[in-house]
Amino acid sequence: MEIIIKPDAKSGCVLFAKIIADLVKNKPNAVLGLATGDTMEPIYAELVRMHQEEGLDFSRVTSFNLDEYVGLGRSHNQSYRYYMEKHLFCNVNISTDRIHVPNGLATDIPAACQRYEEEIKAAGGIDLQLLGIGRIGHIGFNEPTSSLASRTRIKTLTEATIRDNAPHFENEKEVPIRVLTMGIGTILEARCCLILAFGVKKADAVASMVEGPITSMVTASALQLHPKTIVVLDEDAASKLQLRDYYRHVYNNKPAWQRYE
Ligand code: GLP
């Protein structure tokens, strides 16, 4: 894993968005794996700004979102499809027929999940998978004890995740208990994973992901098996990493051709 520690969330977001934009410029038909959550909002705002002010072109980009709530359709204001429309899809020139979000209203869920996997494959696989991390160390909605070989499927949320996501709903009872999510096996097949975390509330999860054992109790730790994962943190999210000085040293001494900025 490559660990990049930025002084604050703002500079972390600028770098994170730049890595995405550089891929889209170099490979206009890139396949992006997209994530939701509060952490991602400034990223999409920056990509929208780049589209509007600098002409960043999404017309040939294909996207696959990580996850969706079971039972929520695109018109529900807490569905991840709605989130994506609001923060990105409606504000850039991505083509609707290249957008993929797991269908929370699917009647045959196993068949819909299987089809999602096939669509990823047919698109040539994911070039860059964006990820946030839950406080319990999940990626997507791969809750603790998810198989590290899992594929897109239905999952039941833990109480901790329901509590964490409840502030977005009118009350905790409104949070769907089931979700569809790409599996850890699906995520690990992306050519590059780019994960973002800010704030002290993510520090334990980040430390477990980067420096802890690989375990299904912290599904993000499976990224240690991925050959190209870039982790962008602010100082607070990095505060529990034992080797944080080493990561800074590595980053500051990278040869120019390896740098992102
Ligand atoms: C949800 C999403 C994850 C996201 C996590 C953190 O559980 N399924 O993909 O990484 O929330 O969200 P936030 O960025 O709001 O902390």
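Scanning segment 165-182 finds one or more residues that are within 12 Å of the ligand (Cβ to nearest atom), within 29 Å of I5 (Cβ to Cβ) and not in a helix (DSSP H, G or I).
Pairs are defined by a Cβ separation below 6 Å, a sequence spacing of at least 6 or placement on different chains, a first member in segment 158-181 that is farther than 14 Å from P144 by Cα, and a second member that is in a helix (DSSP H, G or I) and away from the ligand (no atom under 12 Å from the Cβ); the pairs so defined are A166/E172. Listed by position, the strands (runs of 3 or more DSSP E) contained in segment 1-71 that have at least 3 residues being more than 30 Å from I109 (Cβ to Cβ) and charged (D, E, K, R) form an empty set. When V92 is tested against the conditions (1) β-branched (V, I, T); (2) more than 16 Å from the ligand (Cβ to nearest atom); (3) surrounded by fewer than 21 Cβ atoms within 10 Å (Cβ to Cβ); (4) farther than 27 Å from L233 by Cβ, the lone failure is (4).
Looking only at residues in segment 209-242 that are surrounded by fewer than 22 Cβ atoms within 10 Å (Cβ to Cβ) and of a type in the set (S, T, Y), the one that is farthest from the chain's Cα centre (by Cα) is S239. All of R49, R81 fail the test of being among the charged types (D, E, K, R), surrounded by fewer than 19 Cβ atoms within 10 Å (Cβ to Cβ) and either at pLDDT 95 or above or touching a Lys or Arg at 6+ places or on another chain (Cβ under 8 Å) (or both), apart from R49.
The residues listed here are D127, D108; of these, the one that is among the acidic types (D, E) and closer than 16 Å to N29 by Cβ is D127. Evaluation of N77 against the conditions (1) within 16 Å of the ligand (Cβ to nearest atom); (2) closer than 27 Å to A220 by Cβ shows that the sole unmet condition is (2).
Pairs are defined by a Cβ separation below 8 Å, a sequence spacing of at least 6 or placement on different chains, a first member in segment 111-127 that is surrounded by 17 or more Cβ atoms within 10 Å (Cβ to Cβ), and a second member that is part of a helix (DSSP H, G or I); the pairs so defined are E117/T186; I120/T186; I126/I120; D127/L23.
Of all residues in segment 184-208, exactly one satisfies the criterion of being within 13 Å of the ligand (Cβ to nearest atom), crowded, with 22+ Cβ neighbours inside 10 Å and assigned to a loop (DSSP other than H, G, I, E, B), namely F198. Contact annotation: residue pairs with Cβ atoms under 7 Å, 6 or more positions apart or on different chains, pairing a residue in segment 85-100 that is touching a residue at least 24 places away in the same chain (Cβ under 8 Å) and in a loop (DSSP other than H, G, I, E, B) with a partner that is surrounded by 13 or more Cβ atoms within 10 Å (Cβ to Cβ) and of a type in the set (A, V, I, L, M, F, W, C), are L88/L47; L88/V48; V92/L47; V92/V48; V92/F58; N93/F58; I94/F58; I94/V61.
Would you pick out the residues in segment 69-84 that are among the hydroxyl-bearing types (S, T, Y) and without any contact (Cβ under 8 Å) to a residue 24 or more places away in the chain?
S75, Y82
Considering segment 30-63, and only residues there that are among the hydroxyl-bearing types (S, T, Y), in contact with a helix residue (DSSP H, G or I) (Cβ under 7 Å, 6 or more places away or on another chain) and within 14 Å of the ligand (Cβ to nearest atom), the residue that is nearest to A203 (Cα to Cα) turns out to be T36.
The values are calculated or read from the model by the stated rules, or taken from the named source; none is laboratory data. Values in this document were obtained by computation on a predicted structure and should not be read as measured data. So basically every Cβ, Gly included, is an ideal-geometry build from the backbone, and we count neighbours across all protein chains shown.
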